[in-house]
Structures are given as structure tokens and as C-alpha cells.
Amino acid sequence: MHYGTAVFEGIRSYATADGGAAVFRLPEHMERMRKGADMFGIEFDAERATQATLATLRANGHRDAYIRPLTWMGTGSIGLDVDPLTQHLMIATMAKVVHLGGARTRLTVSPWKRNPATSMPPLKLSGAYVNSILAKREAKQRGFDEALFTDDKGYVVECTGANVFMVKNGVVTSVDHRDALPGITRDTMIELSGAESREVTLHELLDADEVFVCGTAAEATAIAVLDRREFGDNPVTRELAALYGRVVRGQEARYASWLTAV
Ligand code: PMP
């Protein structure tokens, strides 16, 4: 609690047509959480956390849910040379998913810079999210829904809780940046759209036909406004978002391996 040395995940389950539910890309989320826990010497048993996740969903009777595992430690010392004396894991499932601004998401470039990967790894370490919260608060105070991080050289990094894509002349491009969280939704969208992945400048983003951001909570959210730039219709984003919606609900047999039945 003092230093932010906990690790979390954001995962979703969806109701499936057979009356059950499935968790989307659960092993990938668990693997990212294990990497984060490794950073602090917290032992993370992915199989145990997987079973606990499924048990919690069943106990809560949740089908469409947001899942929040969090692991933290007791250190027995106030110093910075933390050693996990006791280790804890909690899993909460919530029926309500906190979205972005909805269909008309308004994005603004943040005056805050993203934690550079040379200062801390782009993993879901709790303390790292102070950076996201500062940017989000500042954006909201100026009447926007979400903040966009750029780096000192003018390259796009990511949003406070989502990765960035653009569409230009029918070409889908996923923003690649070493300081950005390697998003599981980003990986999914690349697979679904055949998007190229490369570094993108803010200038290019402002010049795109469509911009969307994606994440477990955000799914694929079209950007209506980026500061003074207004985007028009977004047919590519719409189609991709619809495909994603079918994939996560088990309506696309090709991608059934991404689902873990509850
Ligand atoms: N970037 C940040 C900073 C995030 O917190 C998230 C949400 N986990 C994402 C990107 C998107 O990642 P994912 O698609 O794995 O949810």
C-alpha cells in the first residue's frame, strides 16, 4: 500500500449463446500477471488463480463480468528492500464494466508523459497507474473522456488504459511503442484485422481517417475527437468492433481457443 508494489489484471467474461459464459484469453492475462508478480518476487500460481477466477464467477453468478485479480504482499518492514513475507491474492468479479466515453469518445493529448519502460516495465504494476490516474484526471478536468500519452519525440504511446490504432486509406495500423502495455486486445485486433504494427507520430494520427482505442474494458472504442480534430464516420472500426463482439461471445468458431468456459 505504501509503495504500490501490487500487481493486477483486468479480464472479462461474456455470456455465450449456449447459456453459459466464457473468459476471454484467460491464460494470456494470467501470464502477464505472473510477469508482473515476478518483478516483486511474489510467487504467482497461474493455475490456482485460474481456478479461483472461474470459482468466483460461478459463486457470484456472473456471466458478463469484469474480473479483477490483485496480488500483493506483506513485507514486515517499512524499508524499500521489500521481501514478500506474506503473499495475498484476491479476485473480484463485477457485473458492471467501466467503459470510456461511449460512442463519442473525446481524446486529448496529455501534458503528462507515460512511465518510460527504462524506469519501470510496461506491466500491470499498481504503482504504475498513478501515471494513468494523473493523466485521466487532467483530461477530464478539461472536458475530455480520455488522455493520450505521446513521447518527447512526438510518437504516440497509448492511452491511460487502452492501446491505439488508426485507419488510413483502408490500412489498419496498430501503434507500437516500447513504453506501452502489450495489450491482449491489441494482439487480438491485429489478428482479426491483419493490422500492421509500427511506431506512429501524433501528426500521423491526426491525419488518419479513423482512430480507435482498445482494451479489455474499452473493447474497440472509436475516437470522435482528438483535441481540435474531429473524426467522421468510422466504418472499419465499427466492423472490427462487431467482429470482436462475436469472437468474445463464442460466435466465431475459428477463435474458440481464446475462450475458457466458466
Ligand atoms: N494500456 C494500459 C495502460 C492498460 O491499462 C490496458 C488495460 N489493461 C491496456 C493498454 C489494454 O490492455 P488489454 O487489452 O490487455 O486489456
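The values are calculated or read from the model by the stated rules, or taken from the named source; none is laboratory data. As the structure is a computational prediction, the values presented were derived from the model and not from experiment. Counting neighbours? That spans all protein chains shown, and the Cβs are built from the backbone with ideal geometry, glycine included. Accessible surface areas use protein heavy atoms only, side chains included; no ligands, DNA or RNA. Shrake-Rupley method; radii C 1.70, N 1.55, O 1.52, S 1.80 Å.
Quick rundown of the values:
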quantity	calculated
log₁₀ of I(q)/I(0) at q = 0.12, 0.22 Å⁻¹ - the stretch 99-155, Debye sum with one point per alpha carbon	-0.30, -0.90
Solvent-accessible area, 1.4 Å probe, carbon plus sulfur percent, for the chain	52 percent
CD proxy at 222 nm, helix term only [per DSSP H run n ≥ 4: -39500 (n - 2.57); per residue of the chain; nearest 500]	-8500 deg cm²/dmol
Overall dimensions of the stretch 87-220 by Cα: Rg and Dmax, Å	14.7, 51
Separation of alpha-carbon centers, the stretch 214-248 and the stretch 37-95, rounded to whole Å	31 Å
Antiparallel DSSP beta bridges within the chain, as percent of all bridges there, nearest 5	80 percent
Surface/4 estimate of mean projected area, convex hull on alpha-carbon atoms of the stretch 1-146, nm²	10.8 nm²
Relative frequency of Cα-Cα separations exceeding 18 Å in the stretch 19-86, percent	46 percent
Debye log10 I(q)/I(0) for the stretch 164-221, one point scatterer per Cα, at q = 0.18, 0.24, 0.29 Å⁻¹	-0.55, -0.99, -1.38
Under 5 Å, built H, 5+ apart or other chain: amide partners of His177	none
Karplus-derived 3J(HN,Hα), 6.51/-1.76/1.60, for each residue of the stretch 4-9, Hz, glycine and proline x	x, 8, 10, 9, 9, 9
Summed residue charge, Cβ within 11 Å of Thr150's Cβ, Lys/Arg positive, Asp/Glu negative	-1
Evaluated over the chain, the Cα radius of gyration and Dmax, each in Å	18.6, 57
Stokes-Einstein D in µm²/s, Kirkwood radius over Cα pairs - the stretch 199-262 at 37 °C with 0.692 mPa s viscosity	244 µm²/s
Where His177, His2 fall by accessible area, highest first, once all protein chains stay in place (1.4 Å)	His2, His177
Residues whose placed amide H lies under 5 Å from that of Thr201, excluding near-sequence neighbours	Val156
For the chain: accessible area per residue (Å², 1.4 Å)	49 Å²
Percent RCO, i.e. relative contact order, over the chain, from Cα pairs under 8 Å lying at least 6 residues apart	21 percent
